[in-house]
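Each value in this text was obtained by applying a stated rule to the coordinates, not by laboratory testing. Just so it is clear, the model here is predicted, and its values are computed rather than measured. Cβ: placed from backbone, ideal geometry, glycine included. Neighbour counts: every protein chain shown.
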Amino acid sequence: MKRHPFPVLTPAPLLLVLLMLSLVLAATVLSSCTPSQPGVRRKGEPDAPIGRTLFLKNCAHCHGADAHGDEGPDLHNLDWTDEQITARIRNGKKGQMTAFADKLSPEQIGQLKDYVRTLK
Ligand code: HEC
């Protein structure tokens, strides 16, 4: 019987190297992701910093990036209760302010309320 004209190279060592490289890569990517995921609340952290991010995204174009007012009023030193602020964010005001009940979760609305509360 004739021998095979092309010796078959065993790919095992190469595969092993590739496997190890991809493991190292995966480990690097994973470990660089875990420490601080933006938007994910760590235990004991107040909601205000998340609220500020939400504010910049949803409210700043009317109330100003520093919430000192633009199209909408200044939000510092409001003598509104938590419930009033939450209701305003949920319901908006016809012809003046967007209602956010369908755009944001109740948790996000709470975080925004917490942020507005920090404005002194
Ligand atoms: C389309 C522009 C607009 C957007 C977007 C907007 N607002 Fe307003 N907001 C207004 C206006 C205008 C008023 C004043 C309405 C009035 O005269 O009662 C107001 C009033 C308020 C009030 C009551 C304060 C006061 O003294 O009357 C709060 C609290 C408030 N906004 C929070 C927010 C938050 C938080 C967001 C983001 C989730 C937001 N607003 C997004 C325009 C906006």
Note to self: For the range 48-118, what does the relative contact order come out to in percent, with C-alpha contacts under 8 Å and a separation of six or more?
What the structure shows: 36 percent
Check: Does the range 72-116 come out rounded, prolate or oblate by the C-alpha gyration tensor, with a ≥ b ≥ c the root eigenvalues, rounded set by a/c under 1.5 and, if not, prolate when a/b is larger than b/c and oblate if not?
Finding: oblate
Notebook entry, point to check: Tally Lys and Arg at +1 and Asp and Glu at -1 over the other residues with C-beta under 12 Å from the C-beta of Gln96: what net charge comes out?
Noted result: +2
Checklist line | Proxy reagent accessibility, fewest Cβ within 10 Å first, across Lys113, Lys94 | finding: Lys94, Lys113
Item checked: Charge context of Asp66, other residues only, Cβ under 11 angstrom, K/R +1, D/E -1 -> -1
